[in-house]
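One structure below.
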Amino acid sequence: MSSIHAQNAPWGRPVIDDLPLPPFATAADHDRFTRLLRLHVALVDDGVPSLSSKILSGALEPHGARSTQLTPLELQVAMATFFPAPWTPETFAEVIAATPRDAPRAMADGRWNWMYDPDFTATPRSPHGWEIERHERGARRIEMVLEHDGDLVLLWMYHFTSRHPYPYGWRVEEADLAAVAAAARATRKVHNRDAALPYLADWRTEREAALEDPA
């Protein structure tokens, strides 16, 4: 792959074949999706764990009646972490269409088109995979070639997620940093004490055993 995006998604990664997808038939199906999403968040975090991951897991905890659709937060986290749900391009495009985003558009010849200036077109390859063409201000070029059919979903996860949320990559006012720094230091001290407790030491052991490469 020659694209600058070539290393920005876990191309070819496996999916959880039996994971329920939205629209969920039952509340239990939605709960299973969310439970595994929270577990995925915990596993991709290489902290002790990080306070941010613990906060995010808490924010994903279900409350009240369960919808047949993902919450905006669930979808955002699933895309940002490349959650291995067994979406096809067709089913994932339907999920995006249920949000304020402009969803990928299916074309009559089996291709897909999405976004604007630049916009992208995915053309199926034989026997599998996709050729991605970028169109910007009248110029067209092949952006990348995806080897696996499911990689188109990963590319959409990358394209439809902000990779540089505030404050990462943004200009931060020194006065704003100073305003929150003292409280942040105090919070980090509390979190560091918590991270030293046995229950998180047990989690780190469990996490590393699960992530050990069998090869």
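The values are calculated or read from the model by the stated rules, or taken from the named source; none is laboratory data. Because the structure is a prediction, the values reported are computed rather than measured. As a convention, Cβ positions derive from the backbone with ideal geometry for all residues, glycine included, and neighbour counts pool all protein chains shown. Please note that ligands, DNA and RNA were not included when accessible areas were found on the heavy atoms of the full protein model with its side chains. Shrake-Rupley method; radii C 1.70, N 1.55, O 1.52, S 1.80 Å.
Quick one: among Trp87, Trp11, Trp203, which has the greatest mean-square fluctuation in a GNM of the chain with alpha-carbon springs under 10 angstrom?
So, out of Trp87, Trp11, Trp203, the one fluctuating most is Trp203.
Determine the gain in length on full extension of the stretch His164-His148; use 0.36 nm per residue of separation and subtract their C-alpha separation, reporting nm with one decimal.
Result: 3.1 nm gained on full extension.
Provide the net charge surrounding Gly129, with neighbours chosen by a C-beta distance below 12 Å and charges set as Lys +1, Arg +1, Asp -1, Glu -1.
Net local charge, Gly129 excluded: -3.
Between Leu146, Leu75, Leu200, which gets the highest mean-square fluctuation from a Gaussian network model of the chain, Cα cutoff 10 Å?
Sorting by GNM fluctuation, first place goes to Leu200.
Considering the alpha-carbon set of region 15-62 alone, what are its Rg and its Dmax in angstrom?
Final numbers for Rg and Dmax: 12.0, 36 Å.
Across region 92-215, what fraction of all alpha-carbon pairs, as a whole percent, falls in each successive 10 Å bin from zero upward?
10, 24, 20, 22, 19, 5
Pick from Thr91, Thr121, Thr187: which is most flexible by mean-square fluctuation in a GNM of the chain where alpha carbon atoms under 10 Å apart are linked?
Largest GNM mean-square fluctuation: Thr187.
Which whole-number percent gives the relative contact order of region 1-88, counting Cα pairs below 8 Å spaced six or more residues apart?
For region 1-88, the relative contact order is 43 percent.
Express in nm, to one decimal, how much length is gained between Ala181 and Arg111 on full extension, taking 0.36 nm for each residue of separation and deducting their alpha carbon distance.
20.2 nm
Based on the Kirkwood radius over alpha-carbon pairs, what is the Stokes-Einstein translational diffusion coefficient of region 25-102 at 20 °C with 1.002 mPa s viscosity, in µm²/s?
160 µm²/s
Report, to the nearest whole %, how much of the accessible area of the chain belongs to carbon and sulfur atoms, 1.4 Å probe, protein only.
Working: 7400 of 13030 Å².
Of the solvent-accessible surface of the chain, carbon and sulfur hold 57 percent.
Using Stokes-Einstein with the Kirkwood hydrodynamic radius over Cα pairs, what translational diffusion coefficient do you get for region 111-178 at 4 °C and a viscosity of 1.567 mPa s, in µm²/s rounded to a whole number?
In µm²/s, the coefficient is 92.
Tell me the relative contact order for region 64-215 as a rounded percent, counting alpha carbon contacts under 8 Å between residues six or more apart.
RCO, region 64-215: 14 percent.
Per residue, how large is the accessible surface of region 128-215? Use a 1.4 angstrom probe and give square angstrom.
Per residue, region 128-215 has 71 Å² of solvent-accessible surface.
Rounded to the nearest 20 debye, what is the charge dipole size of the chain about its Cα centre when +1 sits on each Lys and Arg Cβ and -1 on each Asp and Glu Cβ?
Once rounded to the nearest 20, the dipole reads 560 debye.
Please turn the phi angles of region 119-134 into ³J(HN,Hα) values with the Karplus equation 6.51 cos²θ - 1.76 cosθ + 1.60 (θ = phi - 60°), one per residue in order, whole Hz, x for glycine and proline.
Calculated HN-Hα couplings, in order: 10, 10, 10, 9, 10, x, 9, 9, x, 7, x, 9, 9, 9, 9, 9 Hz.
Would you mind putting 30-36, 191-197, 170-176, 94-100 in packing order, based on average other-beta-carbon counts within 10 Å, highest first?
The packing order, highest mean first, is 30-36, 94-100, 191-197, 170-176.
In Å², and per residue, what accessible area does region 29-127 have when probed at 1.4 Å with the other protein chains present?
With all protein chains present, region 29-127 gives 51 Å² per residue.
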